[in-house]
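Heads up: the structure comes next, in structure tokens.
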Amino acid sequence: SYEYIAKRLPQVAPEIAGGRVIVAHLGSGASMCAMKGGKSVESTMGFTALDGLAMGTRPGQLDPGVVLYLIAEKGMSADEAQRLLYHECGLKGLSGVSNDVRELQASPDPQARFALDYFAYRIGLQAGLLAAALGGVDAFVFTAGIGENSPSMRARIVERLAWLGAVLDPEANADGRASIAAAGSRLSIYVVPTDEELMI
């Protein structure tokens with residue numbers, strides 16, 4: 001996904017392609033990448049896809065002591081702990097409703113709202129980490145299922161980026177335009193569709 005976006009940016013947004021860019025791949029699997037001059041310098045991913053952002057069914061960043069607790073105190077086998085962490089956590093575990101953002105947005109359950117708020121909050125935190133790795137940030141790019149198709153989640157996330165100078169253009173965001181930053185925004189904000197299958 002990030003390789004594809006790096007190749008697309010010079011065509012879609014040449015003014016930021018060579019700068020300091022955070023790309024947020026937000027789908028059932030979610031991660032973020034810091035790019036400088038089109039090259040990755042940092043990512044929210046770790047040794048496995050369990051690290052970083054909370055995802056549809058995976059928890060994201062987690063104290064390793066949680067795994068020890070599950071095994072020693074809750075009596076889980078390694079296989080049971082692995083199943084929990086890969087299939088029962090993330091948005092699904094936080095909400096108790098669904099791992100699908102569309103269903104969570106439609107749900108009146110306060111836990112669904114909590115899961116979405118947590119998702120946006122953690123993206124904001126990770127943006128700070130990646131901005132530090134880049135020594136500043138010029139642009140933020142949304143991609144993948146949630147990033148490309150959910151104006152309301154983009155709006156929630158951009159609120160968390162206000163300290164970076166991000167100001168959303170609500171009309172551009174609702175219309176799904178490529179550039180969704182307001183005229184006075186210090187941070188460029190883009191929506192760029194990805195194509196992982198093509199790169200694979």
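The values are calculated or read from the model by the stated rules, or taken from the named source; none is laboratory data. Computed from a prediction, not measured in an experiment: that's the story for all the values here. Cβ coordinates were reconstructed from backbone atoms using ideal geometry, including for glycine residues, and neighbour counts include every protein chain displayed. We work out accessible area using only protein heavy atoms, side chains counted, and drop any ligands, DNA or RNA first. Shrake-Rupley method; radii C 1.70, N 1.55, O 1.52, S 1.80 Å.
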Worksheet item: What helices does the chain have that are whole DSSP H segments, at least 15 Å long along their own axis by Cα, and with mean Kyte-Doolittle hydropathy of -1.0 or more?
Response: 110-134
Discussion item. Let me check against my output: what whole-number percent is the relative contact order of the chain, with C-alpha pairs under 8 Å and at least 6 apart?
Written reply: 22 percent
Fill in: Per-selection metrics, region 135-180 (Cα): Rg and Dmax in Å
10.3, 32
Worksheet item: Summing +1 for each Lys or Arg and -1 for each Asp or Glu, what net charge is found among the other residues whose Cβ lies under 14 Å from the Cβ of residue 19?
Response: +2
Discussion item. Eigenvalues of the Cα gyration tensor times 5, then square-rooted: what semi-axes does that give for the chain, in whole angstrom, largest first?
Written reply: 30, 19, 15
Discussion item. With a 1.4 Å probe and all protein chains kept in place, how much accessible area does residue 39 have, in Å² rounded to the nearest 10?
Written reply: 140 Å²
Discussion item. Tell me the volume per residue, in Å³, of the convex hull enclosing the alpha carbons of region 1-50.
Written reply: 69 Å³
Discussion item. Can you give me the C-alpha center-to-center distance between region 49-126 and region 131-187, rounded to a whole angstrom?
Written reply: 24 Å
Worksheet item: Local charge sum around residue 156 (other residues, Cβ-Cβ under 13 Å, Lys/Arg +1, Asp/Glu -1)?
Response: +2
Discussion item. As an exercise, find the ratio Rg/Rh for region 74-189 from alpha-carbon atoms, using the Kirkwood inverse-distance average for Rh.
Written reply: 1.05
